[in-house]
Amino acid sequence: MLDRKLKVAVDYEKCHPEICDKGVCAAVLECPAKLWRQEEPYDLPYPIPGFCEDCGTCVESCPLKAIRML
Ligand code: SF4
Ligand code: SF4
């Protein structure tokens with residue numbers, strides 16, 4: 001069975017969307033599986049359960065190291 005558990009998390013003490021380009025989370029832009037959401041630019045991002053590829057792209061994309069693998 002395919003595993004759709006949440007595999008990544010944000011440390012909201014480190015996340016500051018205002019430092020990201022136009023307030024858009026880099027993980028939203030770069031996750032190949034489109035598992036990151038932001039209601040609006042400058043809002044806090046969050047991951048959704050889905051078919052995470054364990055690629056680590058979201059972790060590497062965050063300039064503030066606010067994203068980690070679970
Ligand atoms: S890239 Fe990092 S700092 Fe920017 S919004 Fe996403 S999690 Fe927050
Ligand atoms: S590890 Fe890869 S597939 Fe999984 S949420 Fe991060 S960028 Fe997306």
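Only the coordinates and a few stated rules stand behind these numbers; no lab work does. The structure presented is a predicted model; accordingly, all values stated were derived computationally and were not measured. All Cβ positions, glycine included, derive from the backbone under ideal geometry; neighbour counts span all protein chains shown.
Quick notes on this one:
- Order of Tyr46, Tyr12 - criterion: other Cβ atoms within 10 Å of each residue's Cβ, fewest first: Tyr12, Tyr46
- Applying the criteria of a DSSP loop state and at most 15 other Cβ atoms within 10 Å to the trypsin sites (Lys or Arg not before Pro) of the stretch 37-70 yields Lys65.
- Where N is the number of residues in the chain, Cα Rg divided by 2.2 N^0.38 Å: 1.03
- Taken one residue at a time, the phi angles of the stretch 44-61 give Karplus couplings (6.51, -1.76, 1.60, θ = phi - 60°) of 6, x, 8, x, 10, x, x, 8, 5, 8, 6, 7, x, 4, 5, 4, 6, 6 Hz. Gly and Pro are set to x.
- Two-site FRET efficiency, Cys55 against Lys5, from Cβ-Cβ distance with R₀ of 22 Å, rounded to 0.05: 0.90
- Using the Cβ of Cys62 as centre and a radius below 10 Å, the other residues enclosed give a net charge of 0, where K and R count +1 and D and E count -1.
- Full extension of the chain segment joining Met69 with Val24 gains 14.2 nm, where the gain is 0.36 nm per residue of separation less the Cα-Cα distance.
- Rounded to the nearest 20 debye, dipole of the stretch 8-69 from Cβ charges on Lys, Arg, Asp, Glu: 80 debye
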